[in-house]
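Reviewing the structure listed below.
Each value in this text was obtained by applying a stated rule to the coordinates, not by laboratory testing. Just so we're clear, the structure is a prediction, and the values are computed from it rather than from any experiment. For neighbour counting, all protein chains shown are included, and Cβ atoms are generated from backbone atoms with ideal geometry for every residue, glycine included.
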Amino acid sequence: MTNKEFIRAVQLESKLDKQKTALLVEALNASIGKVLSEGDSLNIWGFGSFELKKRGERLSVNPSTGKRFMIPPKLVPVFRPGTNLKNKIKQIDSDEQ
């Protein structure tokens, strides 16, 4: 699903016009980014949680040269689905079988 398709889906659910829906999606994206950039986590009940996880330093190999190098530690965003979202996915999975 592309961003335009997502905005259209939210628009149909919310009954808002296209511009307001696009602003809503942009604001939600910016808000999640701001919370994570401040080092906090965000829990949306029924949907899931967004948090930062530290990936440790690790050794990697360049496949074309075979040269080894270290990848430095970094913070990566992680999404963990909530119970309601997991149940909806299970329901879709069981309907397909």
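Results, tabulated for the structure shown:
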item: Neighbourhood net charge (15 Å Cβ-Cβ; Lys/Arg +1, Asp/Glu -1) for Pro73; result: +4
item: Binned Cα-Cα distances of the stretch 1-56, short to long, each 10 Å bin given as a whole percent; result: 22, 40, 31, 7, 1
item: Within the stretch 70-96, backbone nitrogen closer than 12 Å to the virtual label 7 Å beyond the Cα of Glu13 toward Cβ; result: 85
item: Matching label, Kirkwood radius over Cα pairs in Å computed from the structure shown, candidates (1) 14.8; (2) 14.5; (3) 16.8; result: (3)
item: Normalised contact order of the chain, rounded percent, pairs of Cα under 8 Å and 6 or more residues apart; result: 20
item: Under-5 Å amide H pairs with Gly48, H placed in peptide plane, nonlocal only; result: Gly82
item: Summed side-chain charge close to Gly46 - residues other than Gly46 whose Cβ falls under 14 Å, Lys, Arg +1, Asp, Glu -1; result: +3
item: Simple label model, 7 Å out from Cα along Cβ direction - Phe6 to Lys90, nm; result: 2.6
item: Environment charge at Ser37 (Cβ cut-off 14 Å; Lys +1, Arg +1, Asp -1, Glu -1); result: -1
